[in-house]
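First, the structure itself, so that you have it in front of you.
The values are calculated or read from the model by the stated rules, or taken from the named source; none is laboratory data. In this text the structure is predicted, and so the values were computed from the model without any measurement. Glycine also receives a Cβ, built like all others from the backbone with ideal geometry; neighbour counts cover every protein chain displayed. Accessible surface is based on the protein model in full, side chains and every heavy atom, while ligands, DNA and RNA are left aside. Shrake-Rupley method; radii C 1.70, N 1.55, O 1.52, S 1.80 Å.
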Amino acid sequence: MNKENTEKLINDFPLLYRGHTEPPTKNLMCFGFECNNGWFQLIYDLSKQITEVCPRVKASQVKEKFGMLRFYIEGVQKDKAEIVYQLIDKAESKSGTTCESCGDDKTAKCKTTKGSNWIRTLCEKCRREDEERREKGS
């Protein structure tokens, strides 16, 4: 994720992302948001929902894995855990139909791209561009 979106998430949700300055032995948010900008709004909305339900939660890692969002947390209150994990599950599921590059949720599919073994969720346009880039070798 680009610097501007990363800073917006950290600044708007400082308690949730308070681990971003910790070493990787304590929190993996030091690596930033390990996904592309297309999921920014999805992560932003999830961050807002989580902090409204359980303000003390701390994100420990946010990344793409097998073409979908993975959002790991710690410190969730027991009485809030069910709702918080439901919010995360919903966002993770939605990432499977939201283009990680541009955010389009109309034609995005989670699958491998031609010329790659990497599973990604991309819309038709971004998948075509990715395949063209791979063919050119850049």
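Would you mind calculating the gained length between residue 132 and residue 12 on full extension (0.36 nm times residue separation, minus the Cα-Cα distance), in nm to one decimal?
Fully extending the segment from residue 132 to residue 12 adds 39.5 nm.
Also, I was wondering about something else. Which angle between 0 and 90 degrees, to the nearest 10, do you get for helix 81-95 versus the longest principal axis of the chain when only C-alpha atoms count?
Result, in degrees: 10.
Now a separate question. Take the solvent-accessible surface of the protein heavy atoms, probe 1.4 Å, and return the percent of it on the chain that carbon and sulfur atoms account for.
Within the chain, the accessible surface is 49 percent carbon and sulfur.
Another question about this same structure. Could you calculate the contour length gain from residue 125 to residue 90, that is, 0.36 nm times the residue separation minus the distance between their Cα atoms, to one decimal place in nm?
Full extension from residue 125 to residue 90 adds 10.1 nm.
Which of the trypsin sites (Lys or Arg not before Pro) found in the stretch 36-138 are in a DSSP loop and have at most 14 neighbouring Cβ atoms, other than their own, within 10 Å?
Qualifying residues, ordered by number: 56, 106, 114.
Only four residue types carry charge here, +1 at the Cβ of Lys and Arg and -1 at the Cβ of Asp and Glu. Report the dipole size of the chain about the Cα centre in Debye, rounded to the nearest 20.
So the magnitude is around 260 debye.
So, one more: What size of dipole, in debye to the nearest 20, comes out for the stretch 17-64 about its Cα centre when the only charges are +1 on Lys and Arg C-beta atoms and -1 on Asp and Glu C-beta atoms?
Its charge dipole is roughly 220 debye.
When all protein chains stay in place, what accessible area (Å², nearest 10, 1.4 Å probe) is found for residue 28?
Taking all protein chains as shown, residue 28 has close to 60 Å².
Please give the helix 40-53 orientation as an angle from the longest Cα principal axis of the chain, in degrees from 0 to 90, rounded to the nearest 10.
Value to nearest ten degrees: 20.
Report, to the nearest 10°, how far helix 3-12 tilts away from the longest principal axis of the Cα atoms in the chain, using its own Cα long axis and a range of 0 to 90°.
20 degrees
Whole number in Å², please: accessible area per residue of the chain, 1.4 Å probe, ligands, DNA and RNA not counted.
Dividing the accessible area of the chain by its residue count gives 58 Å².
Ok, one more. Can you tell me which lysines have their Cα less than 29 Å from the Cα of residue 80? Leave out same-chain residues fewer than eight positions away.
Straight-distance partners of residue 80: 8, 26, 48, 58, 63, 65, 90, 94.
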